[in-house]
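Okay, so here's the structure we're looking at.
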Amino acid sequence: WKADGQEEAGLAPGEGASFTLEQELEDLEARSFFRLAVSQGGSAAAEFLTAAGIGLNRREADLFGLSAALGQGSAANRHWQAVIECFYRWQITPESQITPDVQLLLGEGFNGGGGVRLIPGIRGEISF
């Protein structure tokens with residue numbers, strides 16, 4: 001990808017590439033992914049990002065997932081950061097899902113702070 005800079009928005013020009021591999025693991029009733037991305041020029045939040053994870057099918061349509069990522073910020077913020085995420089997606093009805101998750105963030109540059117952060121979350125989806 002390539003992005004022109006937008007001076008009025010404070011965005012520098014930049015370029016980068018991303019590679020994603022997804023694999024169905026039928027014997028384990030699971031799926032996995034690996035992602036690698038690089039950029040330069042400051043238009044992206046990270047100059048380097050790698051992530052991997054696995055999702056295990058549970059019950060009828062539920063999914064348990066675990067992933068980890070490591071990245072380095074771009075431009076002035078070149079801090080290394082890592083995240084580990086765990087979630088469980090419940091298929092409540094054929095049209096709705098609810099997904100509680102927890103993320104453990106490690107590294108520097110979190111809004112001027114650093115160290116370790118634990119962030120719980122919940123997502124909902126309704127399909128029409």
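Assorted remarks:
- Using the Cα coordinates of the chain, the gyration tensor eigenvalues translate into equivalent-ellipsoid semi-axes of 31, 18, 16 Å, sorted from longest to shortest.
- Among Val116, Val83, Val38, the sequence by solvent-accessible area, most first, with a 1.4 Å probe is Val116, Val38, Val83.
- The Cβ shell under 12 Å around Val83 holds other residues with a net charge of -1, Lys and Arg each +1, Asp and Glu each -1.
- Relative contact order (%) - the chain, alpha-carbon pairs under 8 angstrom, separation at least six: 14 percent
- For region 1-91, the list of trypsin sites (Lys or Arg not before Pro) that fall in a loop by DSSP and count at most 15 other C-beta atoms within 10 angstrom reads Arg59, Arg78.
- For Ser74, the accessible area of its heavy atoms, probed at 1.4 Å with every protein chain present, is near 10 square angstrom.
- Taking label positions 7 Å along the Cα-Cβ direction at both Phe34 and Asp4, the computed distance is 3.7 nm, reported to one decimal.
- Loop-exposed GluC sites (Glu not before Pro) per DSSP, neighbour cap 14 Cβ within 10 angstrom, longest uninterrupted part of the chain: 61-94
- Put a plus charge on the Cβ of each Lys and Arg, a minus charge on the Cβ of each Asp and Glu, and nothing anywhere else: the dipole of region 1-89 about its Cα centre is then about 240 debye.
- Net charge over other residues, Cβ less than 9 angstrom from the Cβ of Gln40 (K, R count +1; D, E count -1): -2
The values are calculated or read from the model by the stated rules, or taken from the named source; none is laboratory data. For clarity, every value in this text was computed on a predicted model and none was experimentally measured. Cβ: placed from backbone, ideal geometry, glycine included. Neighbour counts: every protein chain shown. In case anyone asks, the SASA skips ligands and DNA or RNA and just uses the protein heavy atoms, side chains included. Shrake-Rupley method; radii C 1.70, N 1.55, O 1.52, S 1.80 Å.
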